[in-house]
Amino acid sequence: MRVGDCVDPPLKKCDVTQTSVDTTDVFVTGQKFTTREEAISWIKEVGIRNKVTVIIACSNIKTGKRGRRDKLVFGCDRGGKYKKTDSETQSASKRCGCPFKIRSTPSKDGSGWKIDVKCGVHNHGLPDRFEGHAFVSRLNTDDKQHIVDLTKRHVPPRHILLSLQERDPENVTRITQIYKHKSKIQKDIRGPRTEMQQLLKLVEESGYVYWSRKKDESEVVRDIFWAHPESVKLLSMFPIVLIMDCTYKTNKYRQPLFEIVGMTSTKLTFAVAFAYMKSEQTETFCWVLDKLKQLFIKQDNCPQVILTDRDLALMKAIETVFPKTTNLLCRFHINKNVKSKCKEHVVDDMRETVEKMWFELIKASDEMEYHQRLKQLEDACVDYKGFIDYVNDTWLTPHIHRFVEAWINQVLHLGNTTTNRVESAHWKLKQMLENSLGDLCKCWEAMNDNIKIQVGNIRASFQKSFYEVEHAHTSPFYSNLRGSVSRAALRQIAEEWLRIDMVGTDSQK
């Protein structure tokens, strides 16, 4: 006997116990199958319909060697005996020596593969359903391809599982198998490359502009900056206002993601660039902003306004890299902090009044009106020195020109007084990411897909401005502007046109 030959175990009389189940009748057939695969498929399908998990116990393929012949031996997945080991971990076995056996061989007359039931009895009960059964719940070829397609579209695993069950109500795949297959997909794509090598490969293949720098003299990447080619084009067309902020919980390394966005003439947000940074220090922000500066085709074409939170390190970097740019602060976060401090220092009866006076103060249209409203606020808070000291020392004295209307209206900020645009961009990106446990490659893929959607919407808005005319803009007054400027700009012109009759009157206010 040669090594590798398949030898049938000696046939014994099927043991019959009180829990035995006879499935001989369902597998007995006179049908001949053209190919080996058809015979395998038929036996397994019949088994599944009758709650029997049939596996190939032995397989011989004719090779021309003496004594070798085609043969298939099928058994129950509970056949054989469990060999106990000395492992300290918990272990279990479903094997119980089931005698079930089917043999399939080609007919001598060449008419096809025949099936012979040697023993159709099981020495155990059969399950009502296959949930949790490792063999039956395995993914087939179609299921695997379906998972690949949905994974590319960032569909969460739980929704992929529901999709598989909708396609086949009898599908008993578990969500853990979907996670495992998604992991295998990523490993197959990456191959022998490291995570950083794969990331740079993706960035280069997509034509991104990118820079990276290493930590000291090592090969460890410390910071990385990249921008989509379409984003660079949009930045050159709409460089007036940029909004930037850091977000967290985007990757398993807990590195902060610095995102920069801009606004088009149709008032849509577009992602300018992204940067993963080792730290949020002034030196790191300077490096990122310097790379941003290099994206401008004309080096002297810098943004007029950059809107941020009160991040002192970032503000210092903006002052260093873009000295001619006005750095505004987010009103939303300022008001949120002031309301929190008001709640801490001001009594309930006066709180609403003080908050209203604060909102009126930051909306002062000129310097004289500002000082009048500041005096009113100070008089109302004469008993709340802690609150007045906070708003003066933290906001008004050092940053009055960054968020009060009397000063910020002297620069072209296009209506942007908060960082809501970049916060919204953070939210959309995290919807794509699903969770914060992915690596940098997964994060880049989500960013790339998000930018594709953004660019598509922006192009559509440009086309609408070119082809569609709103009823309010049909008058000859707009004849030279229609199709040349955006509909959003025409709406702004219309609002200013209506204000002409109110200029200098009390109704203007």
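Which of (1) in contact with a helix residue (DSSP H, G or I) (Cβ under 8 Å, 6 or more places away or on another chain); (2) exposed (fewer than 13 other Cβ atoms within 10 Å of the Cβ); (3) at negative phi is the odd one out, the single condition Pro169 does not satisfy?
(1)
Say we look at region 358-389 and pick out the residues that are under 26 Å from Thr308 (Cβ atoms) and open to solvent by 40 Å² or more (accessible area, probe 1.4 Å); which of these is modelled with the lowest pLDDT? Steps first, answer last, please.
Start the filter on region 358-389 by keeping residues that are under 26 Å from Thr308 (Cβ atoms), which leaves 358-367, 370, 373-374, 377, 387-389.
Adding the requirement that they be open to solvent by 40 Å² or more (accessible area, probe 1.4 Å) leaves 359-360, 363, 365-367, 373, 389.
Values: Phe359: 96, Glu360: 96, Lys363: 95, Ser365: 91, Asp366: 94, Glu367: 94, Arg373: 96, Asp389: 95.
Within region 358-389, the match that is modelled with the lowest pLDDT is Ser365.
Which condition breaks for Leu414 when tested against (1) open to solvent by 40 Å² or more (accessible area, probe 1.4 Å); (2) free of Cβ contacts under 8 Å to residues at least 24 places away in the same chain?
Just one mismatch for Leu414, condition (2).
So in region 210-247, with the set limited to residues that are within 27 Å of Lys298 (Cα to Cα) and among the acidic types (Asp, Glu), which one is surrounded by the most Cβ atoms within 10 Å (Cβ to Cβ)? It would help to see each step written out before you state the result.
Our first condition is that a residue be within 27 Å of Lys298 (Cα to Cα); within region 210-247, this holds for 210-213, 223-246.
This time we only want the ones that are among the acidic types (Asp, Glu), so: 223, 230, 245.
Numbers: Asp223: 20, Glu230: 17, Asp245: 22.
Step by step, filter region 210-247, then rank; the result is Asp245.
Is there a residue being within 30 Å of Asn448 (Cα to Cα) and touching a residue at least 60 places away in the same chain (Cβ under 8 Å) anywhere in region 399-410? Don't jump to the end; show me each part of the working.
Restricting attention to region 399-410, the residues satisfying the condition of being within 30 Å of Asn448 (Cα to Cα) are none.
Checking region 399-410: not a single residue is within 30 Å of Asn448 (Cα to Cα) and touching a residue at least 60 places away in the same chain (Cβ under 8 Å).
For region 248-265: of the residues being open to solvent by less than 20 Å² (accessible area, probe 1.4 Å) and at pLDDT below 95, which is nearest to Asp311 (Cα to Cα)?
Pro256
Only one of these conditions is not met by Pro323: (1) surrounded by 14 or more Cβ atoms within 10 Å (Cβ to Cβ); (2) part of a loop (DSSP other than H, G, I, E, B); (3) free of Cβ contacts under 8 Å to residues at least 40 places away in the same chain. Which number is it?
Pro323 satisfies every listed condition except (1).
When only residues in region 185-194 that are farther than 12 Å from Thr151 by Cα and free of Cβ contacts under 8 Å to residues at least 40 places away in the same chain count, which is surrounded by the most Cβ atoms within 10 Å (Cβ to Cβ)? Before the answer, list the steps.
Going residue by residue through region 185-194, those that are farther than 12 Å from Thr151 by Cα are 187-194.
Then drop every residue that is not free of Cβ contacts under 8 Å to residues at least 40 places away in the same chain, which leaves 187-189, 191-194.
Values: Lys187: 9, Asp188: 9, Ile189: 11, Gly191: 8, Pro192: 6, Arg193: 13, Thr194: 9.
Out of the qualifying residues, it is Arg193.
Residue check, Ser436 against (1) buried (at least 17 other Cβ atoms within 10 Å of the Cβ); (2) modelled with pLDDT under 95; (3) of a type in the set (Gly, Ala, Ser), all met but one. Which one?
All conditions pass for Ser436, except number (1).
Return yes or no: is Val404 closer than 30 Å to Glu259 by Cβ, more than 34 Å from the chain's Cα centre (by Cα) and either open to solvent by 50 Å² or more (accessible area, probe 1.4 Å) or not basic (Lys, Arg) (or both)?
yes
Identify all residues within region 466-489 that are open to solvent by less than 70 Å² (accessible area, probe 1.4 Å) and either among the basic types (Lys, Arg) or within 36 Å of the chain's Cα centre (by Cα) (or both); write none if there are none.
Scanning region 466-489 gives Val485, Ser486, Arg487, Ala488, Ala489.
Give the residues of region 294-311 that are farther than 10 Å from Phe225 by Cβ and open to solvent by less than 60 Å² (accessible area, probe 1.4 Å), sorted by residue number.
Residues of region 294-311 that are farther than 10 Å from Phe225 by Cβ, as a first pass: 296-311.
Within region 294-311, Phe296, Asn301, Cys302, Pro303, Val305, Ile306, Leu307, Thr308, Asp309, Asp311 meet the criteria.
Out of the residues in region 340-357 meeting the condition of being under 15 Å from Lys385 (Cα atoms) and out of contact with any Lys or Arg (no Cβ under 7 Å at 6 or more places or on another chain), tell me which one is surrounded by the most Cβ atoms within 10 Å (Cβ to Cβ).
Among those that are under 15 Å from Lys385 (Cα atoms) and out of contact with any Lys or Arg (no Cβ under 7 Å at 6 or more places or on another chain), it is Val354.
The values are calculated or read from the model by the stated rules, or taken from the named source; none is laboratory data. Note that the structure is predicted; figures quoted are calculated from it, not measured. Please note: Cβ atoms are built from the backbone with ideal geometry, for glycine as well, and neighbour counts cover all protein chains shown. In case anyone asks, the SASA skips ligands and DNA or RNA and just uses the protein heavy atoms, side chains included. Shrake-Rupley method; radii C 1.70, N 1.55, O 1.52, S 1.80 Å.
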